[in-house]
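Remarks on the structure that follows.
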Amino acid sequence: MMHRSAMPAFRPGAVWSSVSECARGESGRRVGKVLLGAALLGIGLKVYGRYRRYQRRQRWNQAGKDVVVLHQFERGTNCPNLSPFALKLETFLRMAGIKYVVDTEEPQGSRNKCPWITFNGQELSDSELIIDVLTQHFGKPLKEKLTPAEHAVGRAVQVMLDEHTALAVFYKRYVLDRGCYMVKCVPKKYRALLVILTLFFFSAMKKFFYTVGMGRFSEEETMFFLRRELRALEDVLGDKPFLLDSTPTTYDAAVFAQLTQVIYACAPEVERYVRSSHGALIQYHERMKDKYWPDWEQCRAE
């Protein structure tokens, strides 16, 4: 065993001299040029990205006073949007008569959420928070005459749909069916990308749904939850033309958006089930579509 005093001492100066000598060589200079080029390219791309972002925001801020710039994903082929939350917000804007323009260049904002809006120089995200801000700003444009109990029912139904039904639909779309049906629902230019993303991120999606709980169920169990919630929704609707009243309320925007996903953007067998077993929900959806989406066909991607 070598004695401690016999071991060679670590000399930082010698190491630095070796590195310096290597860097002065031809290969070292080449490596240095490559690294410098990569750094400059990275800085350039970052600066260009910020400039483009600045340009977009300047353009959005010129939309006009009290005009909402709605940032969301591009249209689906079978419905105006494959995000129920983007469709909910756009439906609300139509119900409230609020002027808006659609932007799909940057569908996810600083919080990485879709939808988000630019409004009078502000950037706001999350459909529920946006609806609340716009409702206050425009002096409650939907004149709802609901009792506290009716508001509570509406809120409970919306949470059921947004927090659980939507999960079941997404789980069916992207994990149980591996995105096969969804390929037909996105514009053609994104179909190859969707297939690639599904292949590369399938394990991550499974892990996500397992973490939130939905991914621990079989397809039969998932469809049980979905069917049970559709039945509950139909029971609340009853023989009323809209969810809580003879006229639509803010809650109807959420119900319509989630029903759209179930009927048009989940799976063909799910659509067949709803049409054969929930005629009242189909009629309700048609009433909302006729009233607020007369341009439904024009708002679908080719």
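The values are calculated or read from the model by the stated rules, or taken from the named source; none is laboratory data. It should be emphasised that the depicted structure is a prediction, and the values quoted were computed from it without experimental measurement. When we count neighbours, we look across all protein chains shown, and the Cβ atoms used for this are built from the backbone with ideal geometry, even at glycine.
At pLDDT 95 or above, surrounded by fewer than 16 Cβ atoms within 10 Å (Cβ to Cβ), within 30 Å of F138 (Cα to Cα) and touching a strand residue (DSSP E or B) at 6+ places or on another chain (Cβ under 6 Å), is that true of V69?
Taking the combined requirement at face value, the residue does not satisfy it.
Pairs, please: C-beta under 7 Å, at least 6 apart or cross-chain, first residue touching a residue at least 60 places away in the same chain (Cβ under 8 Å) and in the stretch 94-110, second buried (at least 16 other Cβ atoms within 10 Å of the Cβ) and of a type in the set (F, W, Y)?
So the pair list comes out as R94/Y292; M95/Y292.
Just to be sure I understand, how many residues within the stretch 147-179 are out of contact with any Phe, Trp or Tyr (no Cβ under 9 Å at 6 or more places or on another chain) and aliphatic (A, V, I, L, M)?
Looking only at that region, the number is 8.
Filter the stretch 219-244 down to residues that are in a helix (DSSP H, G or I) and either closer than 30 Å to V183 by Cα or touching a residue at least 12 places away in the same chain (Cβ under 8 Å) (or both), then give me how many there are.
Within the stretch 219-244, residues that are in a helix (DSSP H, G or I) and either closer than 30 Å to V183 by Cα or touching a residue at least 12 places away in the same chain (Cβ under 8 Å) (or both) number 18.
Mind checking which residues of the stretch 154-184 are of a type in the set (A, V, I, L, M, F, W, C) and modelled with pLDDT of 95 or more?
Across the stretch 154-184, the qualifying residues are A156, V157, V159, M160, L161, A166, L167, A168, V169, F170, V175, L176.
Go through the stretch 235-246 and report how many residues are at pLDDT 95 or above and either under 16 Å from L142 (Cβ atoms) or touching an Asp or Glu at 6+ places or on another chain (Cβ under 8 Å) (or both).
Of the residues in that region, 4 qualify.
So, restricting to strands (runs of 3 or more DSSP E) that lie completely within the stretch 77-139, which ones have at least 2 residues that are under 18 Å from C299 (Cα atoms)?
100-103
Taking the options A156, A192, A168, A149, name whichever one is in contact with a Ser or Thr (Cβ under 6 Å, 6 or more places away or on another chain) and either aromatic (F, W, Y) or part of a helix (DSSP H, G or I) (or both).
Matching residue, one of A156, A192, A168, A149: A168.
Does F201 count as over 18 Å from the mean Cα position of the chain (by Cα) and in a helix (DSSP H, G or I)?
no
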